Amino acid sequence: DDVGLTGGYISRFPAHGDLYKVGVDGAFGAQIVPSEDGSDVVVDGLEVGYMYTGDESSPSETGFLADDTIGFKLFDASNTKGKQGIISFQVFTSLEALPVAVADATPCNEEEFSDVVLKGNDRGNEKRDLKYRIDTLPQHGDIFDPNDLTTALQVGSILTAADVYDSASGAYPGVTIKYKGHKDYFNFPTKRYNGTNTGGSSYDTFGYNAVVSTLVTAKSLAATQSVKVVNVNDPTAVSGPAEPQLVYALSQAEKTEKDKFCEVEENQDKVECTTSDIAKLTSIFFEEVYKNVDRVVVHVSTNMGNGFLSLNQDVLALADFVSCRAPKPSFGRDWVCKGDGISDKEMIFEALPSDLNRLFNGFEYENYVKNSYENITISVFDGDVVDEGCIPSGEHTNSEVSIRGSCFWTNLTIAFQISGYNPDNEDDKDVDGFLPFGIVLPYQAMLGLMGGCAIMACCLTRCLLKCLWRRCCKRKKKEDVTKAAGRVELPEIAGADLEEGTRDNRGGGADHGNGFKDIAKKGLGVAEGGLNKVKKTGVGGPAVGLALKGVKMAGKKLSDGAGEKAGAQSTKVGGNPIRAMSGVNDDEGEGAGEQDRVLPPPPPERVRPPPPPRKKSSKIWRWLGYKDDATGETYYEDTETGRVTWTEPAEGAKIS
């Protein structure tokens with residue numbers, strides 16, 4: 001009929017919630033409760049409110065909690081009651097976590113505690129206070145409750161701070177937690193200076209739920225919060241060999257197939273040179289810590305300015321010597337790049353950090369100054385403070401800016417010891433005279449010095465013996481003879497008491513000669529002992545063998561030649577003592593004795609027969625060969641020039 005509906009009855013109450021009267025403004029009023037006898041309950045108006053009172057701890061992936069129903073009957077103005085109707089509906093959670101968009105959030109700095117705000121909402125009529133529960137952890141960092149920065153939050157952890165609904169703004173303000181990324185992790189910038197992708201991960205993320213502060217089992221669906229972590233510039237670490245590197249010197253006279261052009265620093269002219277022995281290093285390592293976002297400046301130099309430096313030529317294009325060749329006053333840069341990566345005295349270039357490992361894999365060092373020391377220093381300037389050697393901010397062309405603000409400087413110093421020339425390489429000059437590192441004199445000087453010492457020792461011995469003969473036997477004056485126990489005593493010779501027993505009158509002058517000969521023999525013995533020690537170390541090559549031979553020959557001459565002659569002359573004086581003349585006794589004074597004493601005639605000089613004539617050799621040998629006692633190998637001496645070599649001459653040699 002035309003009579004309108006005026007009200008209704010609740011014939012069945014819901015299983016998972018309560019019913020409430022609703023005011024004109026939509027606010028919930030008094031609760032509608034079932035009658036004691038189970039009869040229908042009258043409702044004013046045609047609208048009721050429902051509030052879920054069931055379990056909120058396990059919403060489905062869509063937030064679904066439960067199905068529920070309400071039974072009702074309507075009546076009109078004539079109070080006619082209609083049939084029962086059923087309302088079926090689904091209940092979803094009113095709680096929700098509302099992650100903040102990355103664009104609206106403050107970025108986190110690499111390896112620093114940074115703020116991340118968590119937000120949520122309760123869509124129900126009753127705005128309950130919220131807290132936030134951690135559902136999943138970040139993959140590249142840790143999150144902390146601001147009240148405890150020492151213990152990272154775990155799955156299931158609930159923040160202590162409550163998010164209280166602000167009725168004035170009609171929203172929840174949110175709660176702050178702390179995020180700290182793992183070492184060297186960042187996800188921004190995403191591009192390198194040249195526009196290519198860094199290849200890093202996307203934003204770091206973690207999950208959380210909004211829960212009711214007074215009923216933490218009531219939770220929302222999990223939401224994912226993304227975290228932007230900005231790169232904070234780090235120094236580029238560099239490491240390499242700590243021990244000194246040994247290398248042979250380069251020889252201008254070498255004939256090799258590795259001819260190339262080397263740059264001379266003084267006048268920048270190109271001169272032809274050859275490479276014989278090059279130190280090639282493969283143990284220099286640069287640690288890449290920020291995905292090549294920006295370039296770095298590399299400076300390689302030597303402390304002496306003697307060495308030549310070369311990068312790996314197979315990947316030389318990775319080093320930029322060109323873009324920084326000229327200064328950039330507009331950016332405040334006055335330093336410029338130097339060299340080209342091949343045989344440079346000094347090089348300055350720009351490169352990506354990870355490319356440095358390839359550029360220095362096989363780094364080459366050469367030096368022409370033999371028997372010397374030199375250090376090379378590899379310095380890396382990383383940042384944007386131009387007056388400290390870094391690339392200025394204006395030349396960092398990446399639109400996605402890292403946090404720089406400083407210039408890091410790291411360096412590596414490698415020591416080199418440069419010896420003589422490589423003995424394995426033929427050379428027209430002094431490769432054959434190679435001496436190991438530490439012996440600076442060439443072999444000619446060493447041989448001359450050692451042989452000269454041996455000859456001087458021999459000559460000194462002979463000179464001393466001759467002086468002894470003349471002093472004792474040939475130039476005696478009458479007043480130099482004194483009487484002693486029926487014999488004539490020779491005057492004391494200066495220095496004769498150096499050897500015990502040299503003043504024995506019964507032995508005569510022979511003991512004086514023997515004393516000086518023994519002194520010379522001892523000197524040669526010391527020299528021979530020292531050379532034998534050098535020989536055992538293997539240092540010196542043929543020079544030590546020749547020096548030993550000279551010492552032994554001097555010793556033999558001292559024993560067989562000059563020593564015998566001096567001994568024979570002295571024996572004549574000592575073996576035939578000068579006796580006093582008749583009429584002179586031991587008790588007479590010195591004056592009387594001197595008047596009657598007469599010196600005997602000198603002994604006849606010994607005449608040696610002339611040596612037999614030498615048999616002339618049918619061939620005059622220019623080269624003589626000797627066997628080295630230290631190595632067992634044969635070396636050869638040029639009798640005309642004095643040159644010594646290990647290589648057998650083409651014209652042959654006489655082996656001694």
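Bear in mind these aren't lab numbers, they're just calculated from the coordinates by the rules spelled out. On a predicted model such as this, the values are computed, not experimentally measured, just so you know. Neighbour counts run over all protein chains shown; Cβ positions are idealised from the backbone, glycine included.
Observations
- Distant-in-sequence amide H partners of TYR165 (H built 1.01 Å from N, under 5 Å): LEU130
- Qualifying GluC sites (Glu not before Pro) in the stretch 32-135, where qualification requires a DSSP coil assignment and no more than 13 other C-beta atoms within 10 Å, comprise GLU36, GLU47, GLU61, GLU126.
- Cross-link pairs LYS131/LYS219; LYS280/LYS345; LYS183/LYS291; LYS21/LYS83 - those with Cα-Cα distance over 19 Å: LYS21/LYS83
- Overall form of the stretch 323-372 per C-alpha gyration tensor (a/c, 1.5; a/b vs b/c): oblate
- Label-point gap, in nm, between ALA415 and VAL42 - each point 7 angstrom along Cα→Cβ: 10.8 nm
- For the stretch 274-384, the fraction of C-alpha pairs farther apart than 23 angstrom is 29 percent.
- Distance between the C-alpha centres of the stretch 184-214 and the stretch 325-387: 35 Å, rounded to the whole angstrom.
- Quarter of the Cα convex hull surface for the stretch 6-103, i.e. its orientation-mean projected area (nm²): 9.0 nm²
- Put a plus charge on the Cβ of each Lys and Arg, a minus charge on the Cβ of each Asp and Glu, and nothing anywhere else: the dipole of the stretch 296-360 about its Cα centre is then about 160 debye.
- Coil-residue chymotrypsin sites (Phe, Trp or Tyr not before Pro) of the stretch 58-117, DSSP, other Cβ within 10 Å capped at 15: PHE113
- A cut-off of 5 Å between modelled amide H atoms, ignoring neighbours fewer than 5 places along the same chain, links HIS140 with THR205.
- In this Cβ point-charge picture (+1 for Lys and Arg, -1 for Asp and Glu), the stretch 26-141 has a dipole of about 460 debye about its Cα centre.
- Annotation for the stretch 61-124: trypsin sites (Lys or Arg not before Pro) lying in DSSP loop with at most 14 further Cβ atoms inside 10 Å of their Cβ are LYS83, ARG123.
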